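Just below is one structure, and these are the notes that go with it.
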Amino acid sequence: MELVTYKTLPEWHLTAIPLALLERHNTKEGTYAQMRILQGSMTFVLFKDDGEQVFLECDSENQPPLIQPQQWHKIDKASDDVLCQLSFYALPKINF
C-alpha cells in the first residue's frame, strides 16, 4: 500500500507530548498515523474492537506500528529521555 505524508509534527521530548495523545483517541477516516521514536522508549496501547488493550514496548529499534484509520490507541508512558515525532499519511487520492 502506497501512502503519502500530508503532515509531520515537530519532534517532542517527554514534557512536550500533547496530553491528548496520552488519552484513548483515534485517527479520522482515511488518516494513518506513525509515531517515530528517535530516542528513549514508550509503551504504546492499541485497543481492539472488543475493548482488549494490546501493550507494545517501543523504542528506536522497535517502532510503534502504523495506526490504521479510526483505530483507537494511546501512549501509556514514555521514558524521561524520549524524543519522538508524529506523522500523518493518506492514500494518494485523498485530499486534506
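The values are calculated or read from the model by the stated rules, or taken from the named source; none is laboratory data. As the structure is a prediction and not an experimental result, all values here were calculated from the model. FYI the Cβ positions are ideal-geometry reconstructions off the backbone, even for glycines, and counts take in every protein chain you see.
Here are the numbers:
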{"item": "Where a residue in the range 11-29 is touching a residue at least 60 places away in the same chain (Cβ under 8 Å) and its partner, wherever it lies, is loosely packed, with under 11 Cβ neighbours inside 10 Å and outside any helix (DSSP H, G or I), with Cβ under 7 Å and at least six apart", "result": "Leu14/Asp80"}
{"item": "Sole exception among (1) among the small types (Gly, Ala, Ser); (2) surrounded by 13 or more Cβ atoms within 10 Å (Cβ to Cβ); (3) out of contact with any Asp or Glu (no Cβ under 8 Å at 6 or more places or on another chain) for Ser41, by number", "result": "(3)"}
{"item": "Qualifying residue in the range 30-47 (condition: basic (Lys, Arg), under 22 Å from Thr5 (Cβ atoms) and modelled with pLDDT of 95 or more)", "result": "yes"}
{"item": "Residue match in the range 38-61 (condition: in contact with a strand residue (DSSP E or B) (Cβ under 8 Å, 6 or more places away or on another chain), under 19 Å from Thr15 (Cβ atoms) and among the basic types (Lys, Arg))", "result": "no"}
{"item": "Subset of the range 81-96 [assigned to a loop (DSSP other than H, G, I, E, B) and in contact with a His (Cβ under 9 Å, 6 or more places away or on another chain)]", "result": "Asp81, Val82"}
{"item": "The range 73-93, residues that are within 21 Å of Val4 (Cα to Cα) and in contact (Cβ under 8 Å) with a residue 12 or more places away in the chain", "result": "Cys84, Gln85, Leu86, Ser87, Phe88, Tyr89, Ala90, Leu91, Pro92"}
{"item": "Inter-residue pairs, beta-carbon under 8 Å, first charged (D, E, K, R) and in the range 34-54, second at pLDDT below 95 and in a loop (DSSP other than H, G, I, E, B), 6+ apart", "result": "none"}
{"item": "Residues (over 13 Å from the mean Cα position of the chain (by Cα) and either surrounded by 15 or more Cβ atoms within 10 Å (Cβ to Cβ) or not in a strand (DSSP E or B) (or both)) located in the range 48-61", "result": "Lys48, Asp49, Asp50, Gly51, Glu52, Ser60, Glu61"}
